[in-house]
Amino acid sequence: MTANSQGLFASPSNRSASAYTAHIDGGARGNPGPSGYGVVIQDASGKKVAELSEYLGHHTNNYAEYQGLLAVLRYAVEHGITAIKVVSDSELMVRQMKGIYKVKNPDLRKLYEEAQPLVRKLEYFEIRHAMREDNVDADRLANEAMDRGQRHT
């Protein structure tokens, strides 16, 4: 599977209509600072099937965004989801995953390289950028993760 200009990875049978959708957000207070991600995964009918969030420690926003993406990809592979659309408010990560931007930061490069084999396990993968207001639930989960981590530090 190869990416086209829209960042789609697809097998000959287009699975977008039956794809799950994952809204992801990552954040860091202070950037770098206390960080976390939030993920909301919905099935093709729009029913919420999972909420994921994790406190990550002292990292950057971009690191947290990639960790959210990795959480989605791992969840998909572990639960037999073969088609997924990812929505993120991180323009940088979306453009890097689509191959529009090079991944120059060594820490992000490792995460990018970790994501690639997971994406290849899917029959269909799409990633797109959305404005923060379109990612409210994922943003809430990311903030809750950061709150949890800051209470325990």
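Listed by first and then second residue, the pairs linking a residue in region 28-49 that is over 17 Å from Ser90 (Cα atoms) to a residue that is at pLDDT below 95, with Cβ atoms under 6 Å apart and 6 or more places separating them unless they lie on different chains, are Pro34/Gly149; Pro34/Gln150; Ala44/Ser18. Of the residues Gly57, Gly38, which is surrounded by fewer than 20 Cβ atoms within 10 Å (Cβ to Cβ) and either of a type in the set (Gly, Ala, Ser) or part of a loop (DSSP other than H, G, I, E, B) (or both)? Gly57 is the lone residue from the list that is surrounded by fewer than 20 Cβ atoms within 10 Å (Cβ to Cβ) and either of a type in the set (Gly, Ala, Ser) or part of a loop (DSSP other than H, G, I, E, B) (or both). Regarding Ala138, is this residue touching a helix residue (DSSP H, G or I) at 6+ places or on another chain (Cβ under 7 Å) and of a type in the set (Gly, Ala, Ser)? Criteria not met by Ala138. Looking at region 82-99, which of the residues that are among the aliphatic types (A, V, I, L, M) and surrounded by fewer than 21 Cβ atoms within 10 Å (Cβ to Cβ) is farthest from the chain's Cα centre (by Cα)? Of everything passing the filter in region 82-99, Leu92 is farthest from the chain's Cα centre (by Cα).
Val72 meets all of the listed conditions (1) farther than 23 Å from Ala142 by Cβ; (2) at pLDDT 95 or above; (3) not small (Gly, Ala, Ser) but one, namely (1). If I filter region 35-54 for residues that are touching a helix residue (DSSP H, G or I) at 6+ places or on another chain (Cβ under 8 Å) and more than 26 Å from Gly149 (Cβ to Cβ), do I get at least one hit? Yes, there is a match, as at least one residue in region 35-54 is touching a helix residue (DSSP H, G or I) at 6+ places or on another chain (Cβ under 8 Å) and more than 26 Å from Gly149 (Cβ to Cβ). Based on what the data block shows, is Tyr20 at pLDDT 95 or above, touching a helix residue (DSSP H, G or I) at 6+ places or on another chain (Cβ under 6 Å), at negative phi and surrounded by 21 or more Cβ atoms within 10 Å (Cβ to Cβ)? Spelling it out, it is not the case that Tyr20 is at pLDDT 95 or above, touching a helix residue (DSSP H, G or I) at 6+ places or on another chain (Cβ under 6 Å), at negative phi and surrounded by 21 or more Cβ atoms within 10 Å (Cβ to Cβ).
Residue-wise test of (1) charged (D, E, K, R); (2) within 20 Å of Met131 (Cα to Cα).
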site	(1), (2)
Lys47	yes, no
Gly68	no, yes
Ala71	no, no
Lys85	yes, yes
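With respect to Gly33, determine if the residue is more than 21 Å from Gln116 (Cα to Cα) and buried (at least 21 other Cβ atoms within 10 Å of the Cβ). Full working, then the answer.
On the way: more than 21 Å from Gln116 (Cα to Cα): yes; buried (at least 21 other Cβ atoms within 10 Å of the Cβ): no.
In short, no.
For Met146, are the conditions met, namely being over 15 Å from the mean Cα position of the chain (by Cα), modelled with pLDDT of 95 or more and crowded, with 20+ Cβ neighbours inside 10 Å? Yes, satisfied. Assess whether Ser45 counts as being surrounded by 20 or more Cβ atoms within 10 Å (Cβ to Cβ), polar (S, T, N, Q) and not in a helix (DSSP H, G or I). So Ser45 does not fit the description; no.
The values are calculated or read from the model by the stated rules, or taken from the named source; none is laboratory data. Here the structure is a predicted model, which is why all the values come from computation and not from measurement. Note that each Cβ is placed from the backbone with ideal geometry, even for glycine, and that neighbours are counted across all protein chains shown.
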